[in-house]
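A.B. asks: Handing you this structure, nothing more for now.
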Amino acid sequence: MDPVQALWTGVTEHPYLLLGPLVLVEGPAATVVAGSLVGAGLARFWPIWLIVVVADVVADSALYVLGRFGNHRRVAPLLGCLGLPTHRRRRLTVAVRRALPRVVLGAKVVDVAAVPAFLAAGLARTPYRRFVAWVAGASTVRAGLLIGVGVLFGQEVAHLLTEPGTGLAIVAGLALAVVATHLLTRRLAGTRFDPVREKP
């Protein structure tokens, strides 16, 4: 078995095993690619959807927990490296306390805002049950939309995914396109994303 065929066999036979770690690395791309496998009949919707949502919630919860310890002298510098420097902490923690739903939904739409926003949620001591309820709800909707995009794509190219070389090239191309879109969104959003403007 040549390497391309072995890789494609791994992707098609074990999509559920590979998906969780891939979502943690590059969530949108992995989710859309998984959706394309669903559309092509190579995976089932519900396991894919469940894995994506759980991986999303686990990653966001890890950021929340890190934020809870954000005032510790060893953790505080790490928050700055992750996009929550000292001068932004007060503004974002106030934003989280005033309008957690808006912050979570905005962070899910503009992914670049997720890390500092969820760190700030922990730093603000937001009740975890409230935080995880909003995160889980937003992740559920986002996962469904991204998988749906992938399903539509997979249905269109299902006949091309039967050959390992072609299938791998198409999936890799789709992943690169989603990553490029994701990076462009991050670049355009940058630090301009302001979940809640502070009132004077």
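A.B. asks: Among the residues in the stretch 134-141, are any aromatic (Phe, Trp, Tyr), surrounded by 23 or more Cβ atoms within 10 Å (Cβ to Cβ) and closer than 22 Å to residue 61 by Cα?
C.D. replies: no
A quick yes/no check of all residues on (1) farther than 28 Å from residue 35 by Cα; (2) within 14 Å of the chain's Cα centre (by Cα); (3) at pLDDT below 90; (4) polar (S, T, N, Q):
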| position | (1), (2), (3), (4) |
| --- | --- |
| 121 | yes, no, no, no |
| 133 | no, no, no, no |
| 138 | no, yes, no, no |
| 182 | no, yes, yes, no |
| 189 | no, no, yes, no |
| 197 | yes, no, yes, no |
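So that you can scan it fast, the table gives a plain yes or no per residue for (1) open to solvent by 40 Å² or more (accessible area, probe 1.4 Å); (2) touching a Pro at 6+ places or on another chain (Cβ under 9 Å):
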site: 72; (1), (2): yes, no
site: 88; (1), (2): yes, yes
site: 108; (1), (2): no, no
site: 114; (1), (2): no, no
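A.B. asks: From the list 97, 74, which residue is without any contact (Cβ under 8 Å) to a residue 40 or more places away in the chain, assigned to a loop (DSSP other than H, G, I, E, B) and more than 21 Å from residue 27 (Cα to Cα)?
C.D. replies: 74
A.B. asks: Inspect the stretch 36-54 for any residue being touching a residue at least 40 places away in the same chain (Cβ under 8 Å), closer than 30 Å to residue 89 by Cα and open to solvent by 60 Å² or more (accessible area, probe 1.4 Å) and give the result as yes or no.
C.D. replies: No: the stretch 36-54 contains no residue that is touching a residue at least 40 places away in the same chain (Cβ under 8 Å), closer than 30 Å to residue 89 by Cα and open to solvent by 60 Å² or more (accessible area, probe 1.4 Å).
The values are calculated or read from the model by the stated rules, or taken from the named source; none is laboratory data. Owing to the predicted nature of the structure, the values given are computational and were not obtained by experimental measurement. Ideal geometry is used to build each Cβ from the backbone, glycine not excepted, and the neighbour counts take in all protein chains shown. The protein model used for the area step is the full one, side chains on, heavy atoms only, and it has no ligands, DNA or RNA in it. Shrake-Rupley method; radii C 1.70, N 1.55, O 1.52, S 1.80 Å.
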